[in-house]
Amino acid sequence: MKQIASFTINHLVLFPGVYVSRKDKINAETITTFDLRMTRPNYEPVMNTAEIHTLEHLGATFLRNHPEFGEKIIYFGPMGCRTGFYLLLAGDYESADIIPLLTEMYRFMADFEGEVPGASAVECGNYLDMNLPMAKYLAAKYLNEVLMNITPERMTYPE
């Protein structure tokens, strides 16, 4: 079987950042998949499911309601390895193009107060698995350590 592209990235030298994972053409439209890497793979502890689940609810709600990008959101969800998220956007984008959007989203998540959107038995299949305080901590960490001072090295996959 042919190896998929994401498995060709050397995860031993991958740092938290915002990477273009792939671009796919569907008819005339380009879909850009971003790798929002929040922790350093195989070096830092992975995120627990409760905070990932909370970030997913907050991020998806923020993105789908965004005035500029809301209609371009295809998907926002966690990586199976629990080191970050995938964001799929309709359009041909580079990492630098979405740093303002991500900065706004992670600030929203870091500062969020109140009930997590969609966190009820009627709206979610695992609504008890949430951890807002830890989600806010992780969002603030990524915002401050990665997004606020992002460098070109953190926007291009390592060779």
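In this rough spin-label picture, where each label sits 7 Å from Cα along the Cβ direction, the ASP97-THR8 distance is 2.1 nm.
Compute a Gaussian network model of the chain, connecting alpha carbons closer than 10 Å, and tell me which residue from LEU88, LEU101, LEU58 fluctuates the most. Sorting by GNM fluctuation, first place goes to LEU101.
Just to verify a number: FRET efficiency for CYS124 and GLU71, C-beta to C-beta distance, R0 = 35 Å, to 0.05? Calculated value: 0.90.
Suppose only helical runs count, i.e. DSSP H with n ≥ 4. What mean residue ellipticity at 222 nm does that imply for the chain under -39500 (n - 2.57) per run, divided by all residues and rounded to the nearest 500 deg cm²/dmol? Present the calculation step by step, with values, prior to reporting the outcome.
Details: 3 runs with 44 residues, N = 159.
About -9000 deg cm²/dmol.
Only lysine pairs 8 or more places apart or on separate chains count here, and in the chain those with Cα atoms under 26 Å apart total 5.
Over the chain, what relative contact order in percent results from Cα pairs under 8 Å that are six or more residues apart?
29
With the simple spin-label model, which puts each label point 7 Å out from Cα in the Cβ direction, the LYS141 to ARG40 separation comes to 1.3 nm.
Grab the beta carbon distance between MET134 and GLU159, set R0 = 30 Å, and tell me the FRET efficiency rounded to 0.05. All intermediate terms of the calculation are to be shown ahead of the outcome.
Values: r = 34 Å, r/R0 = 1.12.
For MET134 and GLU159, the calculated efficiency is 0.35.
Label positions at GLU115 and PHE15, each projected 7 Å from the Cα along the C-beta direction, are separated by 4.2 nm.
None of the figures in this text is laboratory data; all of them are computed from the coordinates on show. Every value quoted in this text rests on a predicted model; they were computed, and no experiment measured them. Please note: Cβ atoms are built from the backbone with ideal geometry, for glycine as well, and neighbour counts cover all protein chains shown.
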